[in-house]
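The values are calculated or read from the model by the stated rules, or taken from the named source; none is laboratory data. Just so it is clear, the structure is predicted and the values come from calculations on it, not from any experiment. Here the Cβ positions follow ideal geometry from the backbone for every residue, glycine too, while neighbour counts run over all protein chains shown. We work out accessible area using only protein heavy atoms, side chains counted, and drop any ligands, DNA or RNA first. Shrake-Rupley method; radii C 1.70, N 1.55, O 1.52, S 1.80 Å.
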Amino acid sequence: SYDRGATVAGVVGVGRLITGMDRGLQGMCVNERRHLIVPPHLGYGSIGVAGLIPPDATLYFDVVMLDIWNKNDKLQITTLSKPERCNRTVENSDFVRYHYNGTLLDGTPFDSSYSKGSTYDTYVGTGWLIKGMDQGLLGMCAGEKRSIIIPPFLAYGEKGYGTVIPPQASLVFSVLLVDFHNPKDGVFLEHLEVPESCKRRAVTGDFVRYHYNGTLVDGTLFDSSYSRNQTYNTYIGKGYIIPGMDQGLQGVCVGEHRRVVIPPHLAYGENGAGDKIPGSAVLIFDVHVIDFHNPEDPVEIETVFRPEGCNVTTRNRDFVRYHYNCSLLDGTRLFSSHDYEKPQEVTLGANKVIEGLNSGLLDMCAGERRVVIVPPHLGHGESGARGVPGSAVLRFEVELISMEEGVPEGYLFIWHGEPPASLYEQMDLNKDGGIPADEFSTFIKTQVAEGKGRLMPSSDPEKVIADMFRNQDRNQDGKITPDELKLKSDEDQEKIHEEL
């Protein structure tokens, strides 16, 4: 048979072989080698084979058994390994991606997906595979390894395949199922960790900041936000990300850990992406939601403690002192006034703090404590700030220590009632017709002490009074004359007339 370059195939024990071969092959195993001595009466007898085997010849056969099968054989499936978790198994019409080594029954290799560097991708049960493989893949889990022995009538039969698979050959496939999906599959969600408190869940139009690890089903990592030390920030439900993730992030809570399993038709499809995501690959994203907000969100204020008898509350232009702790919604600490010797000081409504915190400090009593949640469009926006990530929602724990009633914007001093009718005469303490800086300062301090007016709240009243004097000393000669002294309310009225 070696000379002919083809194996011999035949049915044993039904009279199609000489009797000696029929008997001599009985009990042989694949890859067993036997030396058979066949006497003439069990060979070709007294007739022989003309021109080849003489009459009454004893025959010597050196036989190697390459393959055995029976028409009643079925697939032989052996599970080599199986993952602990298996959410579902392969069914007809599923699309599978698997690696394989293919050998004949005697171990001769004929094909391998590993040598091609890519999985074999196809539908199951729709005629794209030989019958034995169609059947052998059913019931497999992603990550499972199987040995599948296929008799020739469920493989390539009498014709074989090309030069690599002989006629009537049994095939042995060692299969590793990488992943599978069904074209009808949707996104599969697994809630790994959900915070006990979840005031709101994300919906279409929300802007979400999250960390993720992206892997194939076999655990191969193809991308990770952690490796970049930066969250992935995007709107959901608006087409900015793959459809599966758009769907998979719906309903998340701040702080939630969620696994999102995405079939390829909701991910990167048949083409895959780059050199890390193969075509038709199922993707797994392990997601940790840091925060989310909606561009329409207002500031959220929760009053933790409010003193009894709270009659006076903060307004814009008031000067306030407060302590605060600032963190991200995941608990990451950013800043704290307790790290410094004294509380934070600011004039409300003077654009000295972010808009959201300014709103959170309004209508507070001294001693009141609040939690203020500030969305990024009322905080540091898309760009963030030093130490603050872009598009971050901020959480402030605020305690108002004290407050001083402010003055309107543009004013340094305000009268509590009507100003004196003869203001210049009262301010000119020595009645010499000019008001120097010391007289001006003494007069203003007297009005504040008597409760007739108040200065713009500041840690340095001397500077405020000095600024007031410079504003009134219009020719900067060191004294205020009657022509120079004007109330700011009168100046504002003059400007209105000029504009008209």
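Below are the figures for this structure:
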quantity: Cross-link pairs 352/445; 199/352; 82/199; 431/463 - those with Cα-Cα distance over 32 Å; calculated: 82/199
quantity: Extension reserve of the residue 49-residue 164 stretch, reckoned as 0.36 nm per residue once the Cα distance is removed; calculated: 38.1 nm
quantity: Qualifying aspartates and glutamates (Cα of each under 14 Å from Cα of residue 452; at least 8 residues distant if same chain); calculated: 405, 418
quantity: Cys with no candidate disulfide partner in the chain (beta-carbon separation under 4.7 Å rule); calculated: 29, 326
quantity: Radius ratio Rg over Rh of segment 153-258, counting only Cα atoms, Kirkwood formula for Rh; calculated: 1.25
quantity: Separation of alpha-carbon centers, segment 389-425 and segment 187-215, rounded to whole Å; calculated: 42
quantity: Partners for residue 276 among lysines (Cα-Cα distance below 18 Å; same-chain residues under 8 apart left out); calculated: 116
quantity: Alpha-carbon radius of gyration plus Dmax, which is the widest Cα pair, for the chain in Å; calculated: 44.3, 160
quantity: Apportionment of accessible area to carbon and sulfur, the chain, percent (1.4 Å); calculated: 50
quantity: Separation of the residue 11 and residue 59 label points, Cα + 7 Å toward Cβ, nm; calculated: 1.9
quantity: Mean Cα-pair separation over length for segment 2-65, i.e. relative contact order, pairs under 8 Å, 6 or more apart, %; calculated: 30
quantity: Segment 270-354: chymotrypsin sites (Phe, Trp or Tyr not before Pro) in DSSP coil with no more than 11 other Cβ atoms inside 10 Å; calculated: 340
quantity: 222 nm mean residue ellipticity, helices alone, for the chain (DSSP H n ≥ 4; -39,500 (n - 2.57); rounded to 500); calculated: -3500 deg cm²/dmol
quantity: Calculated on alpha-carbon atoms, Rg and Dmax of segment 175-226 in Å; calculated: 15.3, 48
quantity: Anisotropy class of segment 83-135 from Cα gyration tensor, a/c 1.5 cut; calculated: prolate
quantity: Segment 230-283 and segment 98-156: distance between their alpha carbon centers, rounded to Å; calculated: 30
quantity: Computed over segment 40-145, Cα set: Rg, Dmax in Å; calculated: 22.6, 69
quantity: Long-range amide H partners of residue 144 with built H, under 5 Å; calculated: 177
quantity: Exposure of residue 435 as accessible area (Å², to 10), given a probe of 1.4 Å and all protein chains; calculated: 0
quantity: Relative contact order, percent, segment 76-181 [alpha-carbon distance under 8 Å, six or more residues apart]; calculated: 37
quantity: Reachable lysines from residue 71, criterion Cα separation under 30 angstrom, eight or more residues apart if same chain; calculated: 131, 145, 159
quantity: Point-charge dipole on Cβ atoms (K/R +1, D/E -1) for the chain, about Cα centre, debye to 20; calculated: 3220
quantity: Estimated vicinal HN-Hα couplings, Hz - segment 325-336 in sequence order (Karplus 6.51, -1.76, 1.60; Gly, Pro = x); calculated: 10, 10, 9, 7, 5, 7, x, 4, 6, 10, 9, 8
quantity: Prolate/oblate/rounded label for segment 413-499 (Cα gyration tensor, a/c 1.5); calculated: rounded
quantity: Over the chain, relative contact order from alpha-carbon pairs under 8 Å, at least 6 apart, %; calculated: 8
